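For reference, the structure discussed in these notes is given below.
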Amino acid sequence: MTRRTIGIAMNGVTGRMGYRQHLVRSILAIREQGGVPLADGTVIWPEPVLIGRNESKIRALAERHGIEQWSTDLAGTLAREDIEIYFDAQVTSAREKSVRAAIDAGKHIYCEKPTAVDLDGALELARHARAAGVRTGVVQDKLFLPGLLKLKRLIDGGFFGRILSVRGEFGYWVFEGDWQEAQRPSWNYRSEDGGGIVVDMFPHWEYVLHTLFGRVNSVQALTATHIPQRVDENGHTYQATADDAAYGIFELSGGIIAQINSSWTTRVDRDELVEFHVDGTEGSAVAGLRNCRVQHRSLTPKPVWNPDLPVTESFREQWSQVPDNDTFDNGFKAQWELFLKHVVADEPWSWDLLAGARGVQLAELGLRSAREGRRLDVPELTL
Ligand SMILES: NC(=O)c1ccc[n+]([C@@H]2O[C@H](COP(=O)([O-])OP(=O)(O)OC[C@H]3O[C@@H](n4cnc5c(N)ncnc54)[C@H](O)[C@@H]3O)[C@@H](O)[C@H]2O)c1
């Protein structure tokens with residue numbers, strides 16, 4: 001067995017996503033399983049170097065997980081030849097500068113979404129990476145969720161007939177921070193710091209809709225800042241300048257209409273934190289993070305509208321669960337493994353910085369649509 005070690009500078013690993021999903025559940029989990037095997041018997045072995053601004057925090061994190069290498073010097077780490085990949089899960093507003101520096105140092109890039117705070121920045125990064133000849137990847141984790149993989153299986157198997165519409169509900173109550181701590185960092189609620197639910201969630205909706213149903217041709221959104229004042233990590237009250245809810249309508253190629261509500265100001269009355277209800281001529285499905293239930297045309301009840309009578313049947317019980325028929329790994333880890341294989345063994349990959357820019361574009365157009373109160377076309381992006 002040949003071991004192919006690959007050095008990865010990981011920035012933003014003290015954060016929610018960087019720590020839990022990327023470091024612990026992906027890179028450390030890959031090491032625990034013995035690396036990523038390739039078809040020729042080679043095993044890819046990721047060797048992380050943790051990067052952070054605060055020396056004591058980053059050292060403590062490294063020690064807690066037995067990671068030997070850490071640094072507060074990004075430029076110095078990027079200058080190392082054994083570092084081949086730069087990973088970024090910093091706050092969105094810090095991403096562009098660091099990713100650009102990593103491209104300049106000739107590193108392959110893997111990063112969180114959104115890739116930049118605006119479309120110009122996102123496209124510029126994609127162009128810069130192409131000119132430098134480095135490989136790039138952007139996290140599109142929702143595609144690897146068991147519920148959405150089951151939905152994809154249904155689509156590929158022709159279950160729906162002609163798909164008519166998609167209705168998505170995403171959200172939960174994020175506490176204001178006064179009498180109970182907020183469960184998301186405060187920068188999410190300040191647009192000047194790269195926050196806002198449109199910037200956060202529309203990049204996800206772009207790749208989910210595009211990959212499963214068709215390209216997004218137009219967007220119409222209404223946004224709101226329902227909670228104008230929140231309390232931050234230090235107990236200080238601040239003005240929420242960013243949107244905390246967005247009500248969007250998207251027209252997709254093939255005439256499919258998608259509506260997605262995204263909200264940090266709603267209380268959950270769903271089975272999962274996100275659900276997509278898909279209606280087709282032959283059947284319908286409701287897919288969440290893990291589960292997916294279906295109702296075929298032949299099993300569709302015929303309710304008659306009569307407000308004078310109590311409901312006579314349990315509509316929820318008329319759906320069937322789609323079986324797993326597979327084992328599903330953590331979505332972030334699954335995508336990391338594919339990216340590592342792409343870098344080391346040239347395996348196929350489609351979630352690059354241009355794909356990331358499409359997400360930023362949809363967020364930007366969504367916000368503009370809300371500001372201008374009109375539906376906007378989504379132009380095709382090219383490099
Ligand atoms: N793929 C997903 O589902 C998903 C979910 C949530 C967040 N995200 C993305 O991940 C990124 C990080 O989000 P998070 O929720 O982990 O944030 P977080 O606030 O928990 O972590 C941010 C990280 O960036 C670092 N950082 C660097 N410069 C900073 C600065 N100037 N101010 C504050 N922190 C700074 C922090 O030290 C920390 O390590 C964001 O770009 C966000 O959009 C992705």
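Here is how the numbers come out for the structure above:
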| read-out | value |
| --- | --- |
| Number of the condition not met by MET1 [criteria: (1) within 13 Å of the ligand (Cβ to nearest atom); (2) at pLDDT below 95] | (1) |
| Count - residues of the stretch 8-35 that are more than 8 Å from the ligand (Cβ to nearest atom), crowded, with 19+ Cβ neighbours inside 10 Å and of a type outside the set (Val, Ile, Thr) | 6 |
| Identity of the residue in the stretch 46-58, more than 10 Å from the ligand (Cβ to nearest atom) and surrounded by fewer than 16 Cβ atoms within 10 Å (Cβ to Cβ), that ends up nearest to HIS342 (Cα to Cα) | GLU55 |
| Verdict on ASP243 being assigned by TED's automatic domain parsing to the domain that holds LEU154, among the acidic types (Asp, Glu) and without any contact (Cβ under 8 Å) to a residue 60 or more places away in the chain | no |
| Enumeration of residues in the stretch 156-205 that are more than 27 Å from THR237 (Cα to Cα) and either of a type in the set (A, V, I, L, M, F, W, C) or buried (at least 18 other Cβ atoms within 10 Å of the Cβ) (or both) | PHE159, PHE160, ILE163, LEU164, VAL166, GLY168, GLU169, PHE202, PRO203, HIS204, TRP205 |
| Cβ-Cβ under 7 Å pairs, at least 6 apart or on other chains, the stretch 334-346 side in a helix (DSSP H, G or I), far side modelled with pLDDT of 95 or more and polar (S, T, N, Q) | GLN335/GLN140; TRP336/SER26 |
| All positions within the stretch 158-172 that are part of a strand (DSSP E or B) and among the hydrophobic types (A, V, I, L, M, F, W, C) | ILE163, LEU164, VAL166, PHE170 |
| Matching residues in the stretch 103-118 - criterion: being away from the ligand (no atom under 13 Å from the Cβ) and either free of Cβ contacts under 8 Å to residues at least 40 places away in the same chain or under 19 Å from SER350 (Cβ atoms) (or both) | ILE103, ASP104, ALA105, GLY106, HIS108, ILE109 |
| Criterion: of a type outside the set (D, E, K, R) and within 13 Å of the ligand (Cβ to nearest atom) - qualifying residue of TRP179, TRP187 | TRP187 |
| Entirely in the stretch 202-279, the strands (runs of 3 or more DSSP E) that have 1 or more residues that are in contact with a Gly (Cβ under 8 Å, 6 or more places away or on another chain) | 216-224, 229-231, 245-252, 257-263 |
| Answer residue from the stretch 74-102, given it is out of contact with any strand residue (DSSP E or B) (no Cβ under 9 Å at 6 or more places or on another chain) and closer than 20 Å to TYR19 by Cβ and is farthest from the ligand (Cβ to nearest atom) among those | SER93 |
| Only one of ILE103, ILE155 that is among the aliphatic types (A, V, I, L, M), over 30 Å from PHE328 (Cβ atoms), modelled with pLDDT of 95 or more and in a helix (DSSP H, G or I) | ILE103 |
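The values are calculated or read from the model by the stated rules, or taken from the named source; none is laboratory data. What you see is a predicted model; the values in this text were computed from it and never measured. Note: ideal-geometry Cβ built from the backbone for every residue, glycine included; neighbour counts use all protein chains shown.
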